[in-house]
1. Could you give every pair whose Cβ atoms fall below 6 Å, whose first residue belongs to the stretch 125-146 and is in a strand (DSSP E or B), and whose second residue is open to solvent by less than 10 Å² (accessible area, probe 1.4 Å), counting only separations of at least 6 or pairs across chains?
2. In the stretch 191-225, what residues are hydroxyl-bearing (Ser, Thr, Tyr), out of contact with any Cys (no Cβ under 6 Å at 6 or more places or on another chain) and over 22 Å from ASP314 (Cβ atoms)?
3. Considering only the stretch 12-108, give the helices (runs of 4 or more DSSP H) lying wholly within it that have at least 2 residues that are touching a residue at least 40 places away in the same chain (Cβ under 8 Å) and within 25 Å of ARG344 (Cα to Cα).
4. Would you check which residues across the stretch 207-237 are surrounded by 13 or more Cβ atoms within 10 Å (Cβ to Cβ) and in a loop (DSSP other than H, G, I, E, B) and list them?
5. Can you go through ALA268, ALA245 and tell me which one is surrounded by 19 or more Cβ atoms within 10 Å (Cβ to Cβ) and either in a loop (DSSP other than H, G, I, E, B) or among the β-branched types (Val, Ile, Thr) (or both)?
6. Kindly list the number of the only condition in (1) open to solvent by 10 Å² or more (accessible area, probe 1.4 Å); (2) modelled with pLDDT of 95 or more that fails for HIS315.
7. Pairs please, first residue from the stretch 230-258 and under 19 Å from SER217 (Cα atoms) and of a type in the set (Lys, Arg), second anywhere and open to solvent by less than 10 Å² (accessible area, probe 1.4 Å) and part of a strand (DSSP E or B), Cβ atoms under 9 Å, 6+ apart in sequence or on different chains.
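The values are calculated or read from the model by the stated rules, or taken from the named source; none is laboratory data. Keep in mind it's a predicted model, so treat the numbers as computed, not measured. Heads up, the Cβs are rebuilt from the backbone with ideal geometry, glycines too, and the neighbour counts pull from every protein chain shown. All accessible areas refer to the heavy atoms of the entire protein, side chains included, with ligands and DNA or RNA removed. Shrake-Rupley method; radii C 1.70, N 1.55, O 1.52, S 1.80 Å.
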Amino acid sequence: RSRPSRAGAHRPSMTKCFDTASQRYLTWLADQALPLFAGPGLDPLGGVFEALSAEGQPEPGAPKRLRVQARQAFAFARAEALGLLNEGKGASDHAWAFLLDHGLQPEEQGGQRSFVHVLHADGSVMDPARDFYDHAFVLLAAAERGLRYGDPAADETAAHVWKFLDRLSHPAGGYRETLEGAGPRRQNPHMHLLEASLLCQTWQPTARSVADIKALSGLFDELFWDAERGGLHECFSDDWQVDAAAGHIIEPGHMTEWVWLLHQAQAASAGKLQTLLLSAQRYGLHRDAFILANQHDLSTGETGTRCRLWPQTDHIRALVTLAEVTGDERWLEQAAQGLEALHRLFIEPAAPGCFHDEVDRTGAPLSIHVPASIIYHHITLADALLRFQQPDLP
């Protein structure tokens, strides 16, 4: 797919440690993790299992979040495009068909159709709530399938999402979380809608995707980013004031996701991207293990000791982005450190194809299930690693 201009940027030579760590990670993903999740991870009843056991066995009967079906439909399609998964379309089709057949439901009032929040294992509706975050991932999956397969359902699905988002639009900017507007407003679903909008712009450019990219990138500077503290606020009141109850908690992993997104949107200078990444490391990086914490408390100055896998993949992707933008090999050296820690603490101790979802800062595992949703994070990291090596990948 087309990529943003990188005028003035030069690609550093590949460091040996980074190259070795990247290839080990990509080999594990292609040979072990993807065959597991695109094979036994597919539920014969339809869709994908929410999680596997620590031994890599399906856990039938568990509820299925809609966002996980959308993430897997995206991830399997992208994995096939990257050459990491044979028959990726079949696995993507399996999740996508379940999502459309069971998740797209008429609403109680007005009869419009949008996607429900959680399904029972058999596809019946468990939680009929309509959620902003879920719809952002449905749009991402639709754009990927439209781009890769020319899927005619992608256009119709995207139209459903955009109509739903129009109804969530808030006069103060951005979108409400639900049609009822319940709960604090969060930066996280806006971040993933920017991701989906960027992919829509690659798939079939429209004035809508251009406007969304500009507006969502603007929210980062106007509302989400605290320049004084160098932190990314997560939760807000209805009128975009930092939430009194949860506004002091920041998630360094989301800060590293924004590094990649702002670069893709051409909405930040190299200096701004570097500031964002260094702030994420200052608040969240346990340097002894080189793993990123889940949270930092601005009110106490304490960094949490729990570390999920997904902040590690997004941290590494951000480091590769900085290497690409600046041509500075120190970022690749840190990416190699991150890949080594990911392998040593999250992948190597787990069963073949599995991974620990969460560890403490010493590497002791804290999770007992292997969530399917994390495959999305593995694929976005793999995409960045492969495109760094092969910029002309479609």
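1. Once the first residue is in a strand (DSSP E or B) and sits in the stretch 125-146, its partners that are open to solvent by less than 10 Å² (accessible area, probe 1.4 Å) give VAL125/VAL116; MET126/LEU119.
2. Of all residues in the stretch 191-225, those hydroxyl-bearing (Ser, Thr, Tyr) come to 197, 202, 206, 209, 217.
Applying the additional criterion that residues be out of contact with any Cys (no Cβ under 6 Å at 6 or more places or on another chain) yields 197, 202, 206, 217.
Selection gives THR206 alone.
3. Qualifying helices (runs of 4 or more DSSP H): 16-28, 34-37, 66-81.
4. GLY230, HIS233, GLU234, SER237
5. Exactly one residue qualifies, and that residue is ALA268.
6. The single condition HIS315 does not satisfy is (1).
7. Nothing qualifies.
Okay, residues lined up against (1) open to solvent by 10 Å² or more (accessible area, probe 1.4 Å); (2) more than 14 Å from ALA73 (Cα to Cα); (3) touching a Lys or Arg at 6+ places or on another chain (Cβ under 6 Å):
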position: GLY123; (1), (2), (3): no, yes, no
position: ASP127; (1), (2), (3): yes, yes, no
position: PHE132; (1), (2), (3): no, yes, no
position: LEU139; (1), (2), (3): no, no, no
position: ALA142; (1), (2), (3): no, no, no
position: ASP151; (1), (2), (3): yes, no, yes
position: TRP162; (1), (2), (3): yes, yes, no
